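Read the structure below first, then the notes.
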Amino acid sequence: MEKKNWHETHKETMSFGDRIADSVANGMGSWSFIIWQSIIVVLWMILNVIGFIRHWDEYPFILLNLIFSTQAAYAAPIIMMSQNRQNERDRIQAANDYKTNLEAKKEIEELQLQLSKLELEKLDRILALLEAQNKAI
């Protein structure tokens, strides 16, 4: 069985609300949202300023302000939910990275001990050869 990484594990634990919050935060944090919203606002204002038949939201555009207030009232908490969950995901990733670093440190220390042992064995053999050579002389 293949071990899942932190990102896959995190995605599996996301609830329906979490996925919606991420989608809303991603959508509202995009240039396409800003551009489309700007186009709609400009059209709204133009149609209400030069409207030939009827102005449904005359200057100072109180209905438009109400729509923006409602949008902000819902968007802010949804974006904060997404950010909180992303912070939690980052904490989990940092903890996993720390655990991986500790394991790597242990492996490196074991390798250093093995290398030191090999070095000592080589030095002992060299000394034994030198002693044998000195006795032969």
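The values are calculated or read from the model by the stated rules, or taken from the named source; none is laboratory data. The structure displayed is predicted, hence computed values, not measured ones. FYI the Cβ positions are ideal-geometry reconstructions off the backbone, even for glycines, and counts take in every protein chain you see.
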Would you confirm whether any residue within the stretch 104-119 is under 23 Å from LYS3 (Cα atoms) and in contact (Cβ under 8 Å) with a residue 12 or more places away in the chain? no
Which residues, taken from the stretch 16-62, are closer than 30 Å to ARG89 by Cα and not in a helix (DSSP H, G or I)? GLY29, SER30
ARG54 under 20 Å from MET80 (Cβ atoms), at pLDDT below 90 and either out of contact with any helix residue (DSSP H, G or I) (no Cβ under 6 Å at 6 or more places or on another chain) or among the acidic types (Asp, Glu) (or both): no
